[in-house]
Every structure is written in C-alpha cells, then in structure tokens.
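All remarks here apply to the structure that follows.
The values are calculated or read from the model by the stated rules, or taken from the named source; none is laboratory data. Since this is a predicted model, take the numbers as computed values, not measurements. So basically every Cβ, Gly included, is an ideal-geometry build from the backbone, and we count neighbours across all protein chains shown.
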Amino acid sequence: MTVFEQSFDVLVVGGGNAGLCAAITAREAGARVLLLESAPYFYRGGNSRHTRNLRYMHDAADGIMTGPYREDEFWDDLLRVTKGKTDEPLARMMIRTSADLGSWMMARGVRFQPSLGGTLHLGRTNAFFLGGGKALVNAYYRKAEALGVAVVYEAEVTDLAIEDGRFVSAEVVHAGERHSVRASALVVAAGGFEANIPWLREHWGEAADNFIIRGTPYNQGHVLRLLLERGAMQVGDPRQCHAVAIDGRAPKFDGGICTRVDCVALGLVLNRHGLRFYDEGEDFWPKRYAIWGRLVAQQPGQVGYVLIDSKAVGKFMPTVFPALQAASIRELAGKLELDPDTVEATVTAYNSATRPGTFDWTVLDDCRTEGLDPPKSHWALPIDTPPYYGYLLRPGITFTYLGVGVDARARVLMADGTPSDNIAAAGEIMAGNVLGEGYIAGIGMTIGSVFGRLAGKEAATHGAH
Amino acid sequence: MALIDTVREAERLMTICNACRYCEGHCAVFPAMEMRLAFTEGDLSYLANLCHNCGACYAHCQYAPPHEFAVNVPVTLAELRAQSYQDYTWPPQMAGVFERNGLAVSLVTAASLSLFLLATALLVDPAVLFAVHADGDFYRIIPHDVMAGLFTAVSAYVVVAFAMGFRRFWQQTGESYASFGRPRPFLQAMRDSLTLRYLDGGAGDGCTYPTEAPSQSRRVYHHLTFYGFMLCFAATSAGTIYHYVFGWQAPYGYLSVPVVLGTTGGIGLLIGPAGLLWLKHKADPDAFGHGRRGMDTGFLALLFLTSLSGLLLLVLRETSAMGVLLAVHLGIVLGLFLTLPYGKFVHAIYRFAALVRYALERSRAAERPEA
C-alpha cells in the first residue's frame, strides 16, 4: 500500500520549520500525520535550512541567551520595525507562547550554541542553532520520523478542495502521478512566493528580474495562491518582504547567509550614478541590514556599490567573493563601472564633512558627518587609506509577507473573517499577520515555531475520532 | 598537481565557510578558521589536522552538493590531511608509502611474519618449537635478548621518525618549540585528545558518523582502541620493569600486572578497531569519501590482529601451538611497529600538535585586550 492509499488525520503541506513543528505536535497528540515536502531530500526544509537563530521571550538568562528578554521589550522591538503594521493581540500571544520554545526544541533534538563570532548584539535576544538551520531541520525530520509521521518528498500540492471553509481533499502530484489526499484537517506551511519571479514581477515590475533569491527555489507560493483563490482572507502587502543587500555576484537562488556583505556601516554606499542615498551609519548593521535590500531595490538598476578603505579590513565578516581592489578611488570607480569624477566628488564631499571623533565600531560612536545630505551618523571615518575596496550590492529576498489571515489558534480566516473549521496555517504563509513590514533577526523562526505548534495542536483535535 | 588542486579546493571551501560560520560550534576547525581572513598552505594543513572527520559540518551544510557551492569540508580536509602526512614523512623517501598504504602495510606485515616464521623454523629445533611448554616459556623459542633488542631498535627508529615528522609539522605552523611546551595550552590539548572532545558534536550528542544522526559510537570505539593500545603499552612497560627491576622472568601469571593490563587492553583492541571498521563500512561515502589508499583499514586491521594473536598466545601458551603463535604474534607486532610512522597512526602526532596550536591561538586571542 502506497502512502497515498493510507488514511491520515492531518495533512501538513510544507516541510520547513513551521510544518515540522506542526507535524510533530499533531503526531504527539495522537494524530496520524502525512507531511508533504515539495523539494527533494537535499533541499528539504525550505528557507529554514538557511536560518541560524530564533528569538523567544525569556525572563532570565537561560544558558542559551545571556539575559532576560521579556514580553514588553519583544513587543516594542516588533512594533518599531513594523511601524505598527502588526496585530497586537496576535503578536503578544505569539510572544508569550514563545517562552517555552527553547526547551521544547531541545526536547526534540535541536541543539543550541553560545552566541559567538559575527553575531554582535543578538546574544541576549536570540538563540543560535548549533550547526545552523539545516541541523535543526535534520533534527526535526529525525524526530518526526521516529514518531511515525509519514514524509513524502517531491510532492507538489496542485489543488485544494475547500467547501464552505472546510478542507476536503488535496490533489498531489508525486513521481508524475496524481493522487487525491483526504484528511480531517489541513495545515498549510508552504512558505511565501519569493522564488516565483513572475509573481514578484506583478508587484515590482521589471525590477524583480534583478532580485536575488537568498533561499530555496521551491518557495513558489503555489499553495498560498490556491488558498487565496479558494476563499482565504489575504493579509499583508505583496511588495513587503524581508530583503537585505547582498553581494551582487551571489547565485540567483539559495545563496543563503554567506552572500552577506557586512561592511556598509564602515563605508559609503553609492548608486549607479555615483551618489549616496541613505545614512550608512544610522545604526548597528545587525539592526539595519534588513532595510538595505529595499533601499537598493529602489535604486536605478537595483544596484548599490559599497566602498571602504583599508581601515575597515578585518572589522566585518569575511565575504564569500573577494572585493574589487584599487589603489585610488578613481581606479575603484572604474572597476565598479561607475563614473570616476562623480565618485571622487562624492567621496571628497563626504571626507570633508566628517568630524573628528573616537572611532569605535562596537558602539554608536561619535564619528559623524556635518552638513552632508544624507548624513552618516556613526563610524564616519574619511575614506582615505588605500587600498580601496568595493562590492556590488543587489537586493536579496529572503521571504515575502503576503499571506493568509489566521486567528489565535492558527486557524485560517476566510475572506468574510470567519475561521476555517479545519485549516490551519503556519510560517511564512501567514507571517504577514504579525510582520506587516520590516524585520528583526530570528522573528521568522519565532512565527514558524509558535504558529506551527498551534496549527499542529488545532489540526490534531479534528483527527481524534 | 593533485596536491595543488586539493589546497585550492580547501582554500575555496574555507572562504565560503568563513563567510557562513554556522558550524563554529561543532569543533575547533571553524573557530580556528575564523581567526584568519586568508589561508596559507600551512594554515590549511593545520586546519586539516585539527579536523576529526566527525562529519557534522557536512550533514549540516546547506551548501553541500548538489548545491552549486559543492561544499564538502570533511572529504577535502581528509585528502589534505593525507597529503600532509606525506609531506611530513621522515625520511622523505618513505613518503610514497602513504600513496598505497593498505598495500604497503600488508607487504611489510607479510614480510615481518615470514621473517619470524622462517627464523624460528630454521633456528629453533622442531622438537622445541612444537613442544608443550608447561610454563609457557616464550624465551625457549626466541631468546629474550633477541626479542628485546629487535623491538628496542625498531621502537627507537619509530620515535625518531615521529619526532622528525612533528618537527616538520610544527615548523610549518611558524610556532616556536617553547610555545609547544607552554603548560596550559599543552594540558588543554591533552584534555581535548584524551576525551575526544571534538567527537562530541559540540553539544555532547556525539558525531554525525556513520549517519547524520548524532551518535557516540565512534567516540566509544576510538576510546576502546586508544586506551586499549595504551594498556597494552603499559603491560609491556610493566613486563620490562618486572624483568629488569625485579628480575622476574616471563611468562607471568594470569593475575599478574602485565597480563591483566595486556588482557584488558587486548580486549579493547579487539572491540575498538572492529567497531571502527564496522562504522567505516556503514559510513556514507559521499560524506566521508571512499577511503584513502586503505590507510585506515590497514592500521585498524593490524591493531585487531595484534590483539587477536596476542590473546590467542596467552590462552594457548601452554599448548604445542605456542611456538608458532609466538612467531606469528611477534611478526604482526613487528609489522605494526615498522608501519607506525607510515600509516594512520601518525594522525595522533599531528592532531595532538594541531590541538596544542589551537589552544595556543585561543589563549592568545583571550589575552588580547580588544574584544
């Protein structure tokens, strides 16, 4: 008997962090669970395989994190980055429910490490997975399979039968064959649509062709679109996403963490015309990297150019591709294919606007510019010590925020606002409910883990008969 | 050519890993990598010898093949490590032995065995060789001075070869000999190697070997092998003290110190190498390579046979098989000793030296005032 002929209580679509949390929770509650992952084995786990940490509330240092991070502070951080585009009751519920995540995850095989290199400022708020996201994904799959969750890879959901807000069956294509899968409840955890360039183009125009997709090429958003077409409530802005400025030479898909370029705060960022466009030293890079993807996306040609001098070397994370190097600013401009006159003028204007201060890249120091627009508020040392280095930046999209509405039990809301009887959603596919805009490190995994568990619990109640 | 390619590949991988750093909690290789922005050949050789081949960084790598970055650190570092063994070999003319190590180990062992068998057959009166010696007296077959003289000479050679190899390794790191002797880093490295700290996966669950599920099995079998070996060494030392200090002649009773130590160690040396070979058989070749030149297998098989022949000799020492078994055992032991500097055993020298260097680098980083 093939897996598609067996009967299941809960069907989980999507095998990333959220889907795995849901499957494990539902199985632990006694439900018979089938998990469908559209990617092949190696690429299983969606974007979770590229993650490294999650943020959860805790009242005291807990051995994983260095100090307390309470509900109000978490909420304030979320409120600030989203500029209010969040659902407060839902977000606060999520924050409170996140408190036991560390121990819950450890009990299911996930391991954490003390926060080390390159993770400045996150040691108190974020827990780092030992070995990164793929280690977490592997641990969860081991756990799920040990519990008896059935897992099928390369299984694509091509249609959903939903009647009056009730899930009836899913059409699944696997190994070239079409199957109809019925279950008492459905959990959708199939991610966003960031790898679907035509869909991105609907909202970004031709600029979308210049986006680099940092994560899995399998997040096509097909299940999200199906749900929206079958009457689920849409939340979030289709243009909102977590996007960072990354090395322009990164692979089109799946480049992940190592394509980061962390020297923005130590240098200058120019656009294609050789002009600056934003305060590079506004705040610490870990707090600002999430706005730079959008900033670069809004520049002509969706490119940026970061310039540093040799004083910055060794003060930022090494890059996977070597920087372009030159003995003079003009030469570097040439290598970056920028107009040397403009670039030289931009750098000269900046250098003469810098004011003496005590440079310290570990604090918000007093090295800033005066009379420059836009200003550089911190770490504004003159760019004057050759050799000079340059990187091409492009927007790197991690995940999109357009999704389906959910309630506090992770039940999918239908267009009229009533919760679905037996459909729950978790992860990127519903992230827009709490994350309408902006980003804070590790929040995607918080959303996936909290709502994944809720969705699994909710779905299991339908299976128990 | 192959060496240059391996060095370039290791450099490429370390550049990717240094930009990612997700594996920094698994072992010493990645924190050591993070102390550098560029990688010389000496650095790479040091990192390769620091690697315990636990496989965690492969099992957890989002860039492993089929990803276009095709990152496989364990396999590349294993290749580089094997190359480094050749580079450090003393005398350098012997470096080629690493090329086809399994074959070399087999031939040397066969030769040693033949030597002992032939010598006993030619020099020992068959009546004595096949007699039952009620007291199990080995020296009636092979005189003590011959045995002791031969193995002392071979051991001296082995020690010199190790020392010269260590010297080449240490020179390439650019560290002084005085820093090798600094007590704290040295003791740290001792602790790390005696506990096989870097086979714990970073969280104490063990390494992702032979499959991606963390397991302590490799560590346990390695401990059995290593401590078994050390107990056998202790048994020999105790026997030497018995002989020269107290003037007590072998064979010793079943409850004597040398025999108890040797039997315990011998059991470890049976289970440990057998377990390691079994794990090796189960290990995914994509993750751990296809085995290099029979080096690991040859060494493990020899350890196993040393122990097996030794234990058989102990059990059957009062039968007519003793004479031949003694020759077989000594032949195998001679083969083991002769190939020690030219086989898998050398990992102990270079890994320990690499751990000392890592401890030195860590202590220097900690002493530096800047965060």
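Quick look at the values:
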| read-out | value |
| --- | --- |
| Scope region B:297-323; condition of a type in the set (A, V, I, L, M), over 23 Å from B:Met230 (Cβ atoms) and surrounded by fewer than 20 Cβ atoms within 10 Å (Cβ to Cβ); matching residues | B:Leu316, B:Ala321 |
| Within region B:15-60, helices (runs of 4 or more DSSP H) holding 1 or more residues that are closer than 30 Å to A:Tyr141 by Cβ and within 14 Å of chain A (Cβ to nearest Cβ) | B:29-34, B:56-59 |
| Odd one out for A:Gln325, checked against (1) part of a helix (DSSP H, G or I); (2) within 30 Å of B:Phe30 (Cα to Cα) | (1) |
| Selection status of B:Met230, without any contact (Cβ under 8 Å) to a residue 40 or more places away in the chain, more than 14 Å from chain A (Cβ to nearest Cβ) and closer than 23 Å to B:Tyr85 by Cβ | yes |
| Filtered residues of region A:409-465 (kept if among the aromatic types (Phe, Trp, Tyr) and within 12 Å of the chain's Cα centre (by Cα)) | A:Tyr439 |
| Region A:81-112, residues that are surrounded by 18 or more Cβ atoms within 10 Å (Cβ to Cβ), part of a helix (DSSP H, G or I), within 14 Å of chain B (Cβ to nearest Cβ) and hydrophobic (A, V, I, L, M, F, W, C) | A:Met105 |
| Residue in region A:308-317 that is farther than 30 Å from B:Ala10 by Cβ and surrounded by 22 or more Cβ atoms within 10 Å (Cβ to Cβ) present | no |
| Subset of region A:189-208 [touching a residue at least 12 places away in the same chain (Cβ under 8 Å) and closer than 25 Å to A:Arg44 by Cβ] | A:Ala189, A:Ala190, A:Gly191, A:Gly192, A:Phe193, A:Glu194, A:Ala195, A:Asn196, A:Ile197, A:Trp199, A:Leu200 |
| Extreme residue, farthest from the other protein chains (Cβ to nearest Cβ), among residues of region A:286-313 that are over 30 Å from A:Asp77 (Cβ atoms) and part of a helix (DSSP H, G or I) | A:Pro300 |
| Selection count where residues are of a type in the set (Ser, Thr, Tyr) and within 20 Å of A:Val313 (Cα to Cα), scope region A:374-428 | 4 |
| Hits in region B:61-72 (condition: more than 7 Å from chain A (Cβ to nearest Cβ) and free of Cβ contacts under 8 Å to residues at least 24 places away in the same chain) | B:Ala64, B:Ala70 |
| B:Gly206 touching a Ser or Thr at 6+ places or on another chain (Cβ under 8 Å), within 14 Å of another protein chain (Cβ to nearest Cβ) and under 19 Å from B:Ala56 (Cβ atoms) | yes |
| Subset of region A:46-75 (residues that are within 14 Å of another protein chain (Cβ to nearest Cβ), farther than 20 Å from A:Val434 by Cβ and at pLDDT 90 or above) | A:Arg49, A:His50, A:Arg52 |
| Selection from region A:260-285 of residues that are away from chain B (no Cβ under 14 Å) and either hydrophobic (A, V, I, L, M, F, W, C) or assigned to a helix (DSSP H, G or I) (or both) | A:Val264, A:Ala265, A:Leu266, A:Leu268, A:Val269, A:Leu270, A:Leu275, A:Phe277, A:Phe284, A:Trp285 |
| Any hit, region B:217-232, residues being touching a strand residue (DSSP E or B) at 6+ places or on another chain (Cβ under 6 Å) and modelled with pLDDT of 95 or more | yes |
| Residue tally, condition surrounded by fewer than 20 Cβ atoms within 10 Å (Cβ to Cβ) and under 21 Å from B:Val333 (Cα atoms), over region B:217-230 | 5 |
| Residue, modelled with the lowest pLDDT, within region A:336-363, restricted to residues that are loosely packed, with under 14 Cβ neighbours inside 10 Å and under 20 Å from A:Asp283 (Cα atoms) | A:Thr362 |
| Per-region count, region B:201-216, residues surrounded by 19 or more Cβ atoms within 10 Å (Cβ to Cβ) and either assigned to a helix (DSSP H, G or I) or not aromatic (Phe, Trp, Tyr) (or both) | 8 |
| Some residue of region A:342-365 being in a loop (DSSP other than H, G, I, E, B), farther than 29 Å from A:Leu122 by Cα, away from chain B (no Cβ under 14 Å) and in contact (Cβ under 8 Å) with a residue 40 or more places away in the chain | no |
| Selection from region A:59-79 of residues that are free of Cβ contacts under 8 Å to residues at least 60 places away in the same chain and within 22 Å of the chain's Cα centre (by Cα) | A:Tyr69, A:Glu71, A:Glu73, A:Phe74, A:Trp75, A:Asp76, A:Leu79 |
| Subset of region A:39-56 (residues that are more than 19 Å from the chain's Cα centre (by Cα) and either in contact (Cβ under 8 Å) with a residue 12 or more places away in the chain or assigned to a loop (DSSP other than H, G, I, E, B) (or both)) | A:Pro40, A:Tyr41 |
| Any hit, region A:245-259, residues being within 18 Å of A:Leu372 (Cβ to Cβ), away from chain B (no Cβ under 14 Å) and crowded, with 18+ Cβ neighbours inside 10 Å | no |
| Selection count, region A:193-245, where residues are at pLDDT 95 or above, over 19 Å from A:Met430 (Cα atoms) and part of a strand (DSSP E or B) | 2 |
| Among the candidates B:Ser45, B:Ser112, B:Ser106, residue that is buried (at least 23 other Cβ atoms within 10 Å of the Cβ) and among the hydroxyl-bearing types (Ser, Thr, Tyr) | B:Ser45 |
| Test: B:Ala19 is crowded, with 18+ Cβ neighbours inside 10 Å and touching a residue at least 60 places away in the same chain (Cβ under 8 Å) | no |
| Sole exception among (1) outside any loop (DSSP other than H, G, I, E, B); (2) within 14 Å of chain B (Cβ to nearest Cβ) for A:Leu78, by number | (2) |
| Selected residue [touching a helix residue (DSSP H, G or I) at 6+ places or on another chain (Cβ under 9 Å), closer than 29 Å to A:Thr400 by Cβ, buried (at least 19 other Cβ atoms within 10 Å of the Cβ) and among the hydrophobic types (A, V, I, L, M, F, W, C)] from A:Ala333, A:Ala297 | A:Ala297 |
| Breaking point among (1) more than 14 Å from every other protein chain (Cβ to nearest Cβ); (2) among the aromatic types (Phe, Trp, Tyr); (3) part of a helix (DSSP H, G or I), for B:Tyr198 | (1) |
| Qualifying residue in region A:133-155 (condition: away from every other protein chain (no Cβ under 14 Å), in a loop (DSSP other than H, G, I, E, B), of a type in the set (A, V, I, L, M) and at negative phi) | yes |
| Among the residues listed as B:Ala359, B:Ala365, B:Ala327, the single one being at pLDDT 95 or above, among the small types (Gly, Ala, Ser), at negative phi and part of a helix (DSSP H, G or I) | B:Ala359 |
